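Data first, discussion second: the structure below is written as structure tokens.
The values are calculated or read from the model by the stated rules, or taken from the named source; none is laboratory data. Here the structure is a predicted model, which is why all the values come from computation and not from measurement. Here the Cβ is made from the backbone with ideal geometry for all residues, glycine too, and neighbour counts use every protein chain on show. Accessible surface areas use protein heavy atoms only, side chains included; no ligands, DNA or RNA. Shrake-Rupley method; radii C 1.70, N 1.55, O 1.52, S 1.80 Å.
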Amino acid sequence: MRRAVPLLLALLVGAVLSGCGGGVAGVTASSGDDDDAPTVARTPMQAVNGPPVVAPLAVPLKLQAARDGSAPGFVSPLRKEPRAGLVADLDSGKVLWSKAATRSLPIASVTKLMTALVVNGHSKPTERVRISRAAVAAQGSRVGLLPLYKNVQLETMLYGLLLPSGNDAAVALAEHVGGSVQDFVTMMNSQADALGLHCTTFDSPSGFEETLRQRDAKNRSCAVDLAVLARAVLDQPRLAKIVATNQAIRPFPIKGRKLFLQNHNPLLKDHYPGTLGLKTGYTDAAGKTFVGAATRGGHRLVVVLLNTPDIGRQAEALLDRGFRALGVSNAAR
């Protein structure tokens, strides 16, 4: 039997239904059809290495439903909207703006937020990750320079996963924690069930898609679920620190003994005030995807964009309008 849906998710879904209609570099995939897939139904699975370690979230505040896509006081700044999206308060669960927020769509490297969450719950920073041939051969965006059969500090691999969106890091971490990529994916789906993510399913730890058609993309989620996932990641101090890092220099077993990493997050690149980080993604099937968060005036807002024409501009504009709707002026920036 499926675990009870956590209150934050229930509130978000209720609000949307009552009122509203990764790294980029190096990723290659073919474009797909513009179809709207139905919500994904999955049978709950048990984690390979024990039960999920992240407790379901609970926010004991009543959600104010958004109407016509926006809560009172929120005026959408977008001319060309993403296929789906959401702006919500991470602490109260209040939805400020949404579009098709329960539509199941491909999410590309945003998948790596769940990968990081599972790794975080089943590992210690001091562990060492052995680099396999499968990790070195990973396609799409990569950390690169991974030394075959060498052992790399697990924390360095998490930075490689979340900053440059390394698909090679995703494979290496999945093999380390799950024993195999397939078993690790089972753990990812089990964790999704534990969080009550109703339209989310995972088929890889990276989100890379080799399929030719959008409806064949198997790493899928919706804006509501991704807001809950973002809250779960930010509630883990270890992960919150990493996703908020713009640049990092990490120990690495190559000549020079250092690995230089750059985050793809446009909020961090633009020094958007109060940025809490999180994750970008891109494939031809998913388009540009993003889950970002920022804090201002005592509020933490999350913005989710699925298949957006412009991650940075739309995320910043929506966050600005969100804070303004909560009574936080732009002068606080």
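Table for the structure above
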item: Residues located in the stretch 209-251, provided they are surrounded by fewer than 17 Cβ atoms within 10 Å (Cβ to Cβ), modelled with pLDDT under 90 and not in a loop (DSSP other than H, G, I, E, B); result: 215, 216, 251
item: Filtered residue count, the stretch 91-131, keeping only those that are of a type in the set (Val, Ile, Thr) and part of a strand (DSSP E or B); result: 2
item: Whichever residue in the stretch 271-307 is open to solvent by less than 10 Å² (accessible area, probe 1.4 Å) and of a type in the set (S, T, N, Q) and, among such residues, is nearest to residue 225 (Cα to Cα); result: 289
item: Residue match in the stretch 158-166 (condition: open to solvent by less than 10 Å² (accessible area, probe 1.4 Å), modelled with pLDDT of 95 or more and in contact with a Phe, Trp or Tyr (Cβ under 6 Å, 6 or more places away or on another chain)); result: no
item: Criterion (at pLDDT 85 or above, more than 21 Å from the chain's Cα centre (by Cα) and open to solvent by less than 10 Å² (accessible area, probe 1.4 Å)) met by exactly one of 95, 129; result: 129
item: So residue 315, is it closer than 19 Å to residue 113 by Cα, open to solvent by less than 40 Å² (accessible area, probe 1.4 Å) and part of a helix (DSSP H, G or I); result: yes
item: Neighbours by Cβ (under 7 Å, 6+ apart or cross-chain): first from the stretch 128-157, closer than 18 Å to residue 263 by Cβ; second among the basic types (Lys, Arg) and surrounded by fewer than 24 Cβ atoms within 10 Å (Cβ to Cβ); result: 156/250
